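Below is one structure; the comments refer to it alone.
The values are calculated or read from the model by the stated rules, or taken from the named source; none is laboratory data. Predicted, not measured: the structure shown is a model, and the values here were computed from it. Reconstructed Cβ throughout: ideal geometry from the backbone, glycine too, with neighbour counts over all protein chains shown. Surface areas here come from the heavy atoms of the whole protein model, side chains and all, with no ligands, DNA or RNA. Shrake-Rupley method; radii C 1.70, N 1.55, O 1.52, S 1.80 Å.
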Amino acid sequence: PERGCLQAWAAHSRELVERWTTARCGAEARQVRRQQRDEFRELLLSIRGLPAALPALPLELTVLYNSLLCTVGASDAAIKGQAEGMRQGLLRVLEACGACGQNLGMEELWQKVLQEVTVEELQAPLHRLGALQAAWWLAASQLGSVAGLFQLLSTAEDPGRADCSEGQNKLLSAIKAWRVPPEGASLPLVQSAKDLKEILCTAAAFLQGLQELEAGNFPTALSLLQEAAGGFCSKKILAQIYTCLGCCAQRMVMPAERGKAAVGTMFGCGKTLGPSSCLWWLGRLCSQVRKYQSLSKALGKNPPAAASSSPYFLMQTELLVHTPVLASLLRHHHPSEVKYLLAQRCLQDGRVADAVEHYLDFLSLLQEGLQQQVPLDGSSALPRIPEVFLEAASALEQAGRHQDAITVCEEVISRTTDLIPRVLPVEERLEQPECPLPGAGLADGLLSQKESLCCLAWRAAGYLHQGWAWAKLGESKEAVTQFSRCLSDLLRVQLHGSGVKWTENLQAEVEVLQKIRLLSLIGRGTQFLELGRHKEALLDFQHSLQISPGDPAAASYLVQALWKLNRKQEAAAQWQKFCQGSPGEDGQQQGQERPLPLYLVSCLEQAMFPHSEPLARSIQDYLRAAAQDTS
């Protein structure tokens with residue numbers, strides 16, 4: 001009777017696999033999967049109704065393998081809750097062999113089964129279940145357990161097999177060394193062990209590559225991700241791998257040519273790619289901007305529907321790789337974010353005309369309502385909106401559209417005026433977390449200190465840009481007025497206490513304010529020189545050096561002001577003092593400074609002293625003449 005039951009159950013198992021094979025590409029595939037999951041479970045329960053016996057175990061383990069795969073395929077979810085079914089199967093194997101393992105963990109249980117079960121007929125089904133167990137552990141990022149299991153599987157096949165050589169990846173070597181057991185025609189499978197091995201190799205390389213990427217080991221991450229890109233996976237996973245490769249390449253400062261092979265795959269994957277990740281992979285400068293423009297146009301259209309994954313592979317790489325670092329890299333950006341990132345990149349690369357065009361396009365998008373376009377939960381790639389306006393003003397100014405830059409800055413000034421208190425004390429106390437947008441920091445009508453400092457910096461930067469714009473227009477008096485307004489604004493900040501605690505919480509904001517004060521003093525001093533008000537210019541340059549001792553622009557302008565006041569001896573002394581200063585100290589100080597906000601970079605460039613060589617020659621001639629007179 002038992003032999004008859006086994007034959008009937010084997011026939012039923014073959015029928016289930018055959019039905020799945022014929023329906024796997026049809027519209028009813030998902031429904032068939034659910035039905036098969038339930039029928040495989042019922043079949044497994046029927047088999048387990050009999051005591052564990054060696055003749056029935058090959059069929060039971062094969063049905064267990066198919067049942068577990070159908071359970072995963074029917075849910076299309078991460079692999080969870082399947083450990084108990086696997087455990088019961090292994091315990092029945094030990095029971096049939098007269099052994100026990102009730103108190104063992106899964107790793108110890110597998111070790112006991114593979115060491116004690118030597119029946120030839122059980123090796124193939126046990127190895128297939130071992131590969132499935134490895135998938136469970138990969139999904140849980142238990143990479144060490146996976147490597148140990150495959151070493152056990154390979155040792156069971158070939159006790160004399162050597163370990164992987166030095167320099168090879170231990171996990172990948174263990175998986176690749178495993179020999180896939182042959183598939184018997186009498187007990188077919190819903191997914192072959194050969195395909196499962198390929199998926200495990202790809203997932204293992206991908207997961208390890210992500211771990212190395214997160215840890216900052218970029219060469220190792222690059223090698224592992226390239227291994228994964230050549231593996232067995234869908235287009236969706238391939239696009240994700242190329243996205244991570246792009247991130248790795250960007251951080252390694254690799255050339256754009258390395259990404260050309262990825263472009264076709266990436267752009268064919270719709271929403272799979274975040275545009276900034278695509279940008280990372282495509283390289284830098286001109287090539288980067290051109291590809292970003294294409295991506296921006298593509299995102300302006302309705303994206304194609306993502307191709308459904310093939311129902312043939314119940315176990316897929318997608319189910320095994322789901323880490324926080326991957327989720328952050330693949331976050332989908334809205335087209336307006338792409339437009340901003342494109343404008344920003346053009347401005348950084350000196351493509352001023354393109355930057356102006358994209359900034360103006362983005363500002364027009366803001367008129368349609370920001371909340372409807374991007375999430376305001378802090379996950380957006382957009383900076384604070386006043387900073388976008390100031391970056392746009394910087395681009396307009398560099399493009400020679402000074403009046404337009406003045407108008408854009410006026411918008412920032414008018415919107416922030418009512419948000420800044422007349423006096424802004426900065427106390428020694430912990431600060432509230434930064435709010436994502438101006439206005440979000442309002443509590444009972446008052447802004448936090450951090451928010452107030454941000455608003456003050458934006459307003460002062462607006463005046464700073466207007467001052468430089470008027471200077472470029474040749475209106476020195478109006479430029480002096482705007483620089484003076486900027487400096488008057490900055491007088492609102494009153495620092496109290498020792499400064500130890502506020503630097504921890506507000507250091508970035510205070511440093512930006514100090515840089516704006518420095519640039520305004522230099523700017524106003526240059527316009528005083530244009531107006532012939534040399535004494536006032538000298539005072540501004542002296543004050544600049546008090547704020548930033550050793551600043552090259554301030555020191556050079558100070559020497560020029562002294563020279564114009566006919567205080568040539570003092571000018572020469574200051575010039576010699578400046579030349580004798582240690583360049584290493586200046587470079588070290590600059591290296592310790594935080595990067596400037598993008599909207600201040602153009603102001604810093606305009607503040608650079610343009611007449612270094614003529615002034616140096618004049619002073620050297622003066623010193624030579626003075627030395628001759630002395631001799």
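Along each principal axis, taking the top coordinate minus the bottom one, the Cα set of region 523-572 gives 24, 24, 13 Å in descending order.
Of 366, 596, 200, the order by accessible heavy-atom surface (1.4 Å probe, DNA, RNA and ligands excluded), from most exposed downward, is 596, 366, 200.
Modelled spin-label separation between residue 411 and residue 535, with each label point placed 7 Å from Cα along the Cα-to-Cβ direction: 4.4 nm. A convex hull fitted to the Cα coordinates of region 96-245 yields 129 cubic angstrom per residue.
Protection proxy ranking for 142-154, 604-616, using the average of other Cβ atoms within 10 Å per residue and placing the highest first: 142-154, 604-616. Accessible surface for residue 9 stands near 40 Å², nearest 10, in the context of the full protein assembly shown (1.4 Å probe). Backbone N atoms of region 175-219 closer than 20 Å to the 7 Å Cα→Cβ label point of residue 46 belong to residues 186-190.
For residue 349 and residue 472, a Förster radius of 25 Å and the Cβ-Cβ distance give a FRET efficiency of 0.70, rounded to the nearest 0.05.
Averaging the Cα positions of each part gives two centres, and for region 447-491 and region 203-247 these lie 47 Å apart. The H on the amide N of residue 493, modeled in the peptide plane, is under 5 Å from the matching H of 424, each at least 5 residues off or on a different chain.
Here the simple spin-label model places points 7 Å from the Cα toward Cβ, and for residue 361 and residue 235 these points are separated by 2.5 nm.
Across region 142-154, rounded Karplus estimates of 3J(HN,Hα) from the backbone phi angles (6.51 cos²θ - 1.76 cosθ + 1.60, θ = phi - 60°) give 8, 5, x, 5, 5, 4, x, 5, 5, 5, 5, 4, 5 Hz, Gly and Pro being marked x. Per-residue accessible area (protein heavy atoms, 1.4 Å probe) orders 218, 40 as 218, 40, starting from the largest. From the P(r) of region 180-233, can you give the percent of Cα pairs sitting at distances over 14 Å? Above the 14 Å cut-off, region 180-233 has 57 percent of its Cα pairs. The figure for residue 220 is an accessible area of roughly 70 square angstrom, using a 1.4 Å probe on the protein chains alone. On full extension, the segment bounded by residue 567 and residue 140 gains 146.2 nm, given 0.36 nm per residue less the C-alpha separation.
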